[in-house]
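Notes follow once the structure below has been shown.
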Amino acid sequence: MTIERPTTADGLLGDDAGLAALRAGVDRAAGHLISRQSAAGWWKGELATNVTMDAEDIFLRHFLDVVDPAGQERSARWIRSQQRPDGTWGDFPGAPPTLSTTVEAWAALRVAGDPADAEHMEWAARWIRANGGLERARVFTHIWFSLIGMWSWDRCPTLPPEMMFLPSWAPLNIYDWACWARQTIVPLTIVSAKRPVRPVEVDPTPILAGTTPDRFDPPWSLAGVFQRLDVGVRLFGKLPVNPLRRLAMRQAAEWILARQEADGGWGGIQPPWVYSILALNQMGYGLDHPAVAKALAGLDDFFVEVPDGPEGPMRWLEACQSPVWDTGLSLEALLECGVPADHPAVLRAADWLLGEQVTADGDWQVRRPGLPSAGWSFEFANDIYPDTDDSAEMVIALRKVAHPAPERLRAALDRAVAWTAGMQTRDGGWGAFDADNTRTLPTKLPFCDFGNVVDPPSADVTAHVVEMLAEEGLADSAEAQDGVRWLLEHQEDDGSWFGRWGANHLYGTGAAVPALVAAGVSPQHPSLRAAVAWLERHQNRDGGWGEDLRSYRDKTWVGRGASTPSQTGWALIALIAAAPDSPAVARGIDHLLATQRADGGWDEDLYTGTGFPGFFYIGYQMYRQVFPMWALGRYAARRGLLEIPTGARTGRVAGAPPPDGVDRGPA
């Protein structure tokens, strides 16, 4: 693809050859990305996680008695293909072995028919026993094993469905959990109360260590108190006549049904989807009930088929799909690379995104009841849980589009800005899905050992919102200034920022630095100089940047790892904003051009996305494309090779007041 460009300035990387290489790289990247756009206007890359998705799908289908033998074998082949030489499975490429992941993979293969004495199964079982056995697996693994008769419900913590009766101001009400945890917790209150068992013919003995008793924290600690209360809650649930519990479970089921999305799922993500199916099943909703049938059919659409696996066709299950996020990032990447603001690919993407703006009510209104809905969510179908991160990025991209109906676009952006600004927490930052979702009491429950269960502000989300407000001419607004203050207060001692939704300090720093510059913080500010120095210190010898996901648990990995295109892009975006003349920038650009494929794309085998820090990680297929493009485009624009997108056709006047209707809700 060839894109017409303005006349260029002389010199870039020192000579005409460098200039030509950059222009060719930008053109190839833009052409490659446009070739991947759907006819409807969206982009969607595959979203890879780990084999627990596939193992739990095998368990679910056995529990419901809806096993498709051919499909199960394709899933089993995938699980086998991901086993490492030591017999284990991990949570991301290059990860250390993970006990619960290995336990679930072993059990799923046994359910699928692999014999316990097969060599690959014995390797796994030996490692599991040596590392504490099934006894030390996480709560969710124990729940699945209880469902299929390989573990006792009496050894699982419980969640009383009576919590549905708690008002939103009460401690441990369901809205104290983050939306992803809330949608999982509510159906699990039914499942843990019903304690169903549908056994499979698998003996768990090979993976039992037999040496780990139930562990209790000291009785004077909050965790210890909850552990002992859990015993009483379990006894209460066993009462023979319990009308209050039946009423609570009915209320939970109605809550679940009210939140089913158009694609049959819940929140567009695997955990609430499968647990909602299980809960409805336990409440008497048969497989032929419209809600259950729709849920199972929608779940099938999350399979990625691999026709040419080493043992034959394989399939794996996406934990989520990210078309709105991918489309917004792709649109921004094209505009950063100088693709005209009225290019057909740009307009197709803009029209599709405008159609995806969420106007329905959602759970976030519990904390912000007076705020009109106008954000964007992550998925094809998720009208109940828009998020501030998607919404900020959609505004940043869409405001630069030369749309044939500018009034329609501007009105949509104004609504989105008001909604996103109104979701600010009281300390000045932004969480992703809810405002002021910061109570830590849920994290102390014995049930909550599976990662982040609340949604406090994070540096990356706050930075994206601050940057959006600044580009909208609202840098001087109270919301933006409070966000700037929050970012400066939450900078790490080493000069970086922690990355909640991307790996890790490279992601947080790559978001925070350009946001602060856009909001008017001088590049000479001590915080920004410290961030620049941190980025320069952590550049790899090949010119790129990388940070291993182990940095979430092991601080020796902070800023360290093999170079990846996406993380190199994040680092360069920050440096171009605050130190464009740093020698590290030219080396980073050289690295991206040297690693670009002939078709304009990049390869990236490592995961750089984060679901739950320390627990669950994501490989975004689109990240390897869009973030290098941003970096190349912004660098080329700084050198006068491209027109810098300004959003002139849709932008508000700098310093204009924020839109009306921002309501932070009651205290």
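The values are calculated or read from the model by the stated rules, or taken from the named source; none is laboratory data. Being a predicted model, the structure only gives us computed values, none of them experimental. Here the Cβ positions follow ideal geometry from the backbone for every residue, glycine too, while neighbour counts run over all protein chains shown.
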task = Tell me, please, whether a residue that is among the charged types (D, E, K, R), in contact with a Cys (Cβ under 9 Å, 6 or more places away or on another chain) and closer than 28 Å to Pro187 by Cβ can be found in the stretch 290-298.
result = no
ask   = Can Thr52 be described as at pLDDT 95 or above and of a type in the set (Ser, Thr, Tyr)?
value = yes
query = Right, Asp57: surrounded by 15 or more Cβ atoms within 10 Å (Cβ to Cβ) and at pLDDT below 95 or not?
reply = no
message = All but one of (1) surrounded by fewer than 22 Cβ atoms within 10 Å (Cβ to Cβ); (2) touching a helix residue (DSSP H, G or I) at 6+ places or on another chain (Cβ under 9 Å); (3) in a helix (DSSP H, G or I) hold for Pro580; state the number of the condition that does not hold.
response = (3)
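Every residue, every condition in (1) over 17 Å from Ala29 (Cα atoms); (2) in contact with a strand residue (DSSP E or B) (Cβ under 9 Å, 6 or more places away or on another chain), yes or no:
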{"site": "His538", "(1), (2)": "yes, no"}
{"site": "Gly543", "(1), (2)": "yes, no"}
{"site": "Glu604", "(1), (2)": "no, yes"}
{"site": "Ile618", "(1), (2)": "yes, yes"}
{"site": "Arg639", "(1), (2)": "yes, no"}
task = Determine which member of the set Ser168, Ser146 is modelled with pLDDT of 95 or more and of a type in the set (Ser, Thr, Tyr).
result = Ser146
ask   = Taking the stretch 46-88 only, how many residues are more than 28 Å from Pro196 (Cα to Cα), of a type in the set (D, E, K, R) and not in a helix (DSSP H, G or I)?
value = 3
task = Taking Phe498 as the residue in question, decide whether it is outside any helix (DSSP H, G or I), under 21 Å from the mean Cα position of the chain (by Cα) and either on the phi > 0 side of the Ramachandran plot or surrounded by 24 or more Cβ atoms within 10 Å (Cβ to Cβ) (or both).
result = no
query = In the stretch 190-201, is there at least one residue being within 30 Å of the chain's Cα centre (by Cα), part of a helix (DSSP H, G or I) and modelled with pLDDT of 95 or more?
reply = yes
query = So which of Pro446, Pro404, Pro442, Pro372 ends up being part of a helix (DSSP H, G or I) and surrounded by fewer than 24 Cβ atoms within 10 Å (Cβ to Cβ)?
reply = Pro442
remark   = The condition from (1) surrounded by 19 or more Cβ atoms within 10 Å (Cβ to Cβ); (2) within 19 Å of Ala40 (Cβ to Cβ) that Gly355 misses is numbered (1)
key: Test: residue in the stretch 424-438 that is of a type in the set (A, V, I, L, M, F, W, C), over 17 Å from Trp364 (Cβ atoms) and either touching a His at 6+ places or on another chain (Cβ under 9 Å) or surrounded by fewer than 18 Cβ atoms within 10 Å (Cβ to Cβ) (or both)   = no
ask   = Just wondering, is there one or more residues in the stretch 279-289 that are in contact (Cβ under 8 Å) with a residue 40 or more places away in the chain, among the small types (Gly, Ala, Ser), assigned by TED's automatic domain parsing to the domain that holds Gln72 and surrounded by fewer than 19 Cβ atoms within 10 Å (Cβ to Cβ)?
value = no
request  = Can you tell me which residue among Tyr635, Tyr617, Tyr607 is in a loop (DSSP other than H, G, I, E, B), in contact (Cβ under 8 Å) with a residue 24 or more places away in the chain and buried (at least 23 other Cβ atoms within 10 Å of the Cβ)?
outcome  = Tyr607
query = Which of the residues that make up the stretch 256-271 are in contact with a helix residue (DSSP H, G or I) (Cβ under 9 Å, 6 or more places away or on another chain) and assigned to a helix (DSSP H, G or I)?
reply = Ile256, Leu257, Gln270, Pro271
message = If I ask for residues that are in a helix (DSSP H, G or I) and of a type in the set (A, V, I, L, M), which ones from the stretch 464-495 would you list?
response = Val465, Val466, Met468, Leu469, Ala470, Ala478, Ala480, Val484, Leu487, Leu488
ask   = When only residues in the stretch 449-472 that are over 21 Å from the mean Cα position of the chain (by Cα) and crowded, with 24+ Cβ neighbours inside 10 Å count, which is farthest from Ala374 (Cα to Cα)?
value = Ala470
note = Restricted to the stretch 529-584 and to residues being of a type in the set (Val, Ile, Thr) and touching a Lys or Arg at 6+ places or on another chain (Cβ under 9 Å), the residue farthest from Val517 (Cα to Cα) is Thr556
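Filter the stretch 533-554 for residues that are part of a helix (DSSP H, G or I) and of a type outside the set (Phe, Trp, Tyr); which is surrounded by the most Cβ atoms within 10 Å (Cβ to Cβ)?
For the stretch 533-554, the residue satisfying everything is Leu535.
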task = Return a yes/no flag: does the stretch 35-45 have any residue that is surrounded by fewer than 20 Cβ atoms within 10 Å (Cβ to Cβ), of a type in the set (Gly, Ala, Ser), at pLDDT 95 or above and part of a helix (DSSP H, G or I).
result = yes
task = Residue by residue through the stretch 513-566, note down the ones that are more than 25 Å from Thr595 (Cα to Cα), among the basic types (Lys, Arg) and without any contact (Cβ under 8 Å) to a residue 60 or more places away in the chain.
result = Arg529, Lys555
query = Could we say that Ala116 is over 26 Å from the mean Cα position of the chain (by Cα) and touching a residue at least 40 places away in the same chain (Cβ under 8 Å) here?
reply = yes
inquiry  = Can you pull out every residue in the stretch 583-604 that is of a type in the set (Phe, Trp, Tyr) and either on the phi > 0 side of the Ramachandran plot or surrounded by fewer than 21 Cβ atoms within 10 Å (Cβ to Cβ) (or both)?
reply    = none
ask   = Just to be sure, is Glu643 at pLDDT below 95, touching a helix residue (DSSP H, G or I) at 6+ places or on another chain (Cβ under 8 Å) and acidic (Asp, Glu)?
value = yes
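Test Ala397 against the criterion of being part of a helix (DSSP H, G or I), in contact with a Ser or Thr (Cβ under 8 Å, 6 or more places away or on another chain) and under 21 Å from Ala30 (Cβ atoms), and give yes or no.
It is false that Ala397 is part of a helix (DSSP H, G or I), in contact with a Ser or Thr (Cβ under 8 Å, 6 or more places away or on another chain) and under 21 Å from Ala30 (Cβ atoms).
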